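Some notes on the structure that comes next.
The values are calculated or read from the model by the stated rules, or taken from the named source; none is laboratory data. Because the structure is predicted, anything quoted here is derived from the model rather than measured. Because the Cβ atoms are built from the backbone with ideal geometry, glycine has one as well, and the counts that use them run over all protein chains shown. Note: areas computed on protein heavy atoms with side chains; ligands, DNA, RNA excluded. Shrake-Rupley method; radii C 1.70, N 1.55, O 1.52, S 1.80 Å.
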Amino acid sequence: MAPPRFGVLALQGAFIEHIRTLQAIGVESVEVRLPEHLEGLDGLILPGGESTTMRRLIERWGLREPILDLARRGAPIFGTCAGMIALARHLDDGEEPILPLLDVTVERNAFGRQLDSFETDLVVPVLGDTPVHAVFIRAPVIARTGPGVDILARLPDRRIVAVRERNIVATAFHPELAGETRFHRLVATMASAHADPGEGAGRRPHPLRRSEGSEQR
Ligand code: GLN
């Protein structure tokens, strides 16, 4: 089976580190700036950065519909930090959603000024026993998850910081800044399953393991 080819949205923000992480696990990647760069991709990463700027640039370069199309075809989309904000169907500040693909409500800049950046180790059961070293930078949190959303990780105070819904994965933190490769491996595996479905798998979205139900916080 051919290895998947990923796009990394390269309009602004921390995209280089995602390209390096994909390289480290042997996944080919392309920088996405224009709609034609999305053609033939098996997956897409939306990096951290500044979601208001990202919103403007996605609109200016006509990337919104082609990204939604890629997601509708079942290709995995992985958003980190501002990328997670971009994927949320609801934003708690009342802003319009950017790419409403993930049935969550996101609270931007949830840690305030006192604690605007920090690092911590988090257990993410789908990735195994070794904790993930998570880097949070002016990070959002997930304040509500819809019924189809799997919660992948929480902070010790129970706030939700990593989720998956079908082919969409999102983290409030930056795994790519800490040498963590397991999230990228997870979405690469999802892309392979999507690009080359096994017998009977068809083009259905990636099957999910349900860990916890939907939840209001
Ligand atoms: N606070 C930023 C925003 O609201 C996200 C920060 C990040 O991506 N590291 O867009």
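Name the single residue, out of those in region 137-186 being part of a strand (DSSP E or B) and open to solvent by 30 Å² or more (accessible area, probe 1.4 Å), that is nearest to the ligand (Cβ to nearest atom). Steps first, answer last, please.
At the first step, the residues of region 137-186 found to be part of a strand (DSSP E or B) are 137, 141-145, 150-154, 160-165, 168-171.
From the residues that got through so far, the ones that are open to solvent by 30 Å² or more (accessible area, probe 1.4 Å) too are 137, 144, 154.
Numbers: ILE137: 4, ARG144: 17, ARG154: 19 Å.
Selected residue: ILE137.
Kindly establish whether ARG20 is open to solvent by 40 Å² or more (accessible area, probe 1.4 Å), away from the ligand (no atom under 16 Å from the Cβ) and in contact with a Leu (Cβ under 7 Å, 6 or more places away or on another chain).
Numbers: open to solvent by 40 Å² or more (accessible area, probe 1.4 Å): yes; away from the ligand (no atom under 16 Å from the Cβ): yes; in contact with a Leu (Cβ under 7 Å, 6 or more places away or on another chain): no.
Taking the combined requirement at face value, the residue does not satisfy it.
Of all the residues that make up region 110-131, how many are near the ligand (Cβ under 10 Å from one of its atoms) and at pLDDT below 95? I'd like the intermediate steps shown before the answer.
Taking region 110-131 as the starting set, the residues that turn out to be near the ligand (Cβ under 10 Å from one of its atoms) are 110-111, 116-117.
With at pLDDT below 95 added as a condition, the list becomes 111, 116-117.
Of the residues in that region, 3 qualify.
Identify, please: which residue in region 39-58 is touching a strand residue (DSSP E or B) at 6+ places or on another chain (Cβ under 6 Å) and among the hydrophobic types (A, V, I, L, M, F, W, C) and is, among those, surrounded by the most Cβ atoms within 10 Å (Cβ to Cβ)?
LEU46
Test ALA134 against the criterion of being among the small types (Gly, Ala, Ser), within 13 Å of the ligand (Cβ to nearest atom), assigned to a strand (DSSP E or B) and at pLDDT 95 or above, and give yes or no.
Numbers: among the small types (Gly, Ala, Ser): yes; within 13 Å of the ligand (Cβ to nearest atom): yes; assigned to a strand (DSSP E or B): yes; at pLDDT 95 or above: yes.
Here the answer is yes, as ALA134 does meet what is asked.
Before we move on, is HIS194 touching a Cys at 6+ places or on another chain (Cβ under 7 Å) and modelled with pLDDT of 50 or more? I'd like the intermediate steps shown before the answer.
Numbers: touching a Cys at 6+ places or on another chain (Cβ under 7 Å): no; modelled with pLDDT of 50 or more: yes.
In short, no.
Take GLY74 and decide whether it is more than 16 Å from the ligand (Cβ to nearest atom) and either under 19 Å from PHE183 (Cβ atoms) or under 14 Å from the mean Cα position of the chain (by Cα) (or both). So that I can check it myself, show each step before the final result.
Working: more than 16 Å from the ligand (Cβ to nearest atom): yes; either under 19 Å from PHE183 (Cβ atoms) or under 14 Å from the mean Cα position of the chain (by Cα) (or both): yes.
Here the answer is yes, as GLY74 does meet what is asked.
If we keep just the residues of region 8-57 that are among the small types (Gly, Ala, Ser) and in contact (Cβ under 8 Å) with a residue 60 or more places away in the chain, which is farthest from HIS174 (Cα to Cα)? Steps first, answer last, please.
Let us first name the residues in region 8-57 that are among the small types (Gly, Ala, Ser), namely 10, 13-14, 24, 26, 29, 40, 43, 48-49, 51.
If we keep only those that are in contact (Cβ under 8 Å) with a residue 60 or more places away in the chain as well, we get 13-14, 24, 43, 48.
Details: GLY13: 12, ALA14: 9, ALA24: 16, GLY43: 18, GLY48: 7 Å.
The residue in question is GLY43.
Among the residues of region 64-109, write down those that are in contact (Cβ under 8 Å) with a residue 60 or more places away in the chain, open to solvent by 10 Å² or more (accessible area, probe 1.4 Å) and either among the polar types (S, T, N, Q) or over 26 Å from GLU31 (Cα atoms) (or both).
ASP103
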